[in-house]
1. If we scan segment 188-197, do we find a residue that is touching an Asp or Glu at 6+ places or on another chain (Cβ under 7 Å), surrounded by fewer than 15 Cβ atoms within 10 Å (Cβ to Cβ) and within 24 Å of Met83 (Cα to Cα)?
2. Among strands (runs of 3 or more DSSP E) lying entirely in segment 84-197, which contain 1 or more residues that are farther than 30 Å from Arg208 by Cβ?
3. Could you tell me how many of the residues in segment 101-118 are of a type outside the set (S, T, N, Q), buried (at least 16 other Cβ atoms within 10 Å of the Cβ) and either more than 19 Å from Arg184 (Cβ to Cβ) or without any contact (Cβ under 8 Å) to a residue 40 or more places away in the chain (or both)?
4. Only one of these is of a type in the set (Val, Ile, Thr), at pLDDT 65 or above, on the phi < 0 side of the Ramachandran plot and open to solvent by less than 40 Å² (accessible area, probe 1.4 Å): Val209, Val173, Val164. Name it.
5. Checking Ile158 against (1) under 16 Å from Phe201 (Cβ atoms); (2) surrounded by 18 or more Cβ atoms within 10 Å (Cβ to Cβ): exactly one of these is not met. Which one?
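The values are calculated or read from the model by the stated rules, or taken from the named source; none is laboratory data. The model shown is predicted, which means the values in this text are computed figures rather than measured ones. Reconstructed Cβ throughout: ideal geometry from the backbone, glycine too, with neighbour counts over all protein chains shown. These area figures cover heavy atoms from the full protein model, side chains too; ligands, DNA and RNA do not enter into them. Shrake-Rupley method; radii C 1.70, N 1.55, O 1.52, S 1.80 Å.
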Amino acid sequence: MLRLFSLILLLAGLTFLGWGGYRYYMEQQAVGSGSQVAEDQPFQSGSPQASGPARRSGETAAFEAAPAESDTFGIASATSEMMARLRTVPIAHETPTDAKFNRAFEVTVAIDATGDDTAADALPGEGNVVEGEAQILDKAQATLTGPAFDIDPVSPSIQRVSPVTENIWRWRVTPLETGMHELRIELFALENDEALPIRTFTDRVEVRVSRLGQALAMADTFDPVFMILGGAGSLLAGLFGVFRFFRGR
């Protein structure tokens, strides 16, 4: 019994030491990267700041992929001239019906202004595909939001609508919470620094977690220094138990 308990302490100690050390290292790397960015780009008093609504929780950096263009858009007025220039094109998007906690997946949106009657053939076709239509101008923007997810854009958020191939938007999405959660896709037509909302989709994704995922999620709530100290204590206790066992023999 003593040997089994000592082995459990040893394994627990090694696990806590390894995971805590890894998390501590990653946190220090993140702090170092943030300090480097601050040194490379010092704040300048009086520098212009981008205006516009504050970003919501889970929202992607919608304009980061188009640095050469204006990054601030007002709500466009739906004038008769603008409405006359709108073109109707097929649109499709794909999200998974379920996902695993802390396991990334892709969300994809496509529009086809080439004259084809569907945009679904530009999607991977591995999840839940929804088709429809949207009215567009020469430029379009797609955003993805969801407070229960970490969302990273893989493709430019703002794109000039192509007449020769599909326009595709992709995001890498990592679930941060378990249960049923919503992802919201919004598509805008852009003109003269104005954005006209043209289509919105809301998909529900069920996020599940395995027992290992639950254990890792619980471990992430502990301070890494506490994990290192606890792991070291558990490791020493296990070594002491093994030493007593062999000494007693």
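1. There is at least one residue in segment 188-197 that is touching an Asp or Glu at 6+ places or on another chain (Cβ under 7 Å), surrounded by fewer than 15 Cβ atoms within 10 Å (Cβ to Cβ) and within 24 Å of Met83 (Cα to Cα).
2. Ranges flagged: 87-95, 105-111, 128-136, 139-145, 158-160, 167-175, 179-191.
3. 3
4. Every option except Val173 fails the conditions.
5. So the condition that Ile158 fails would be (1).
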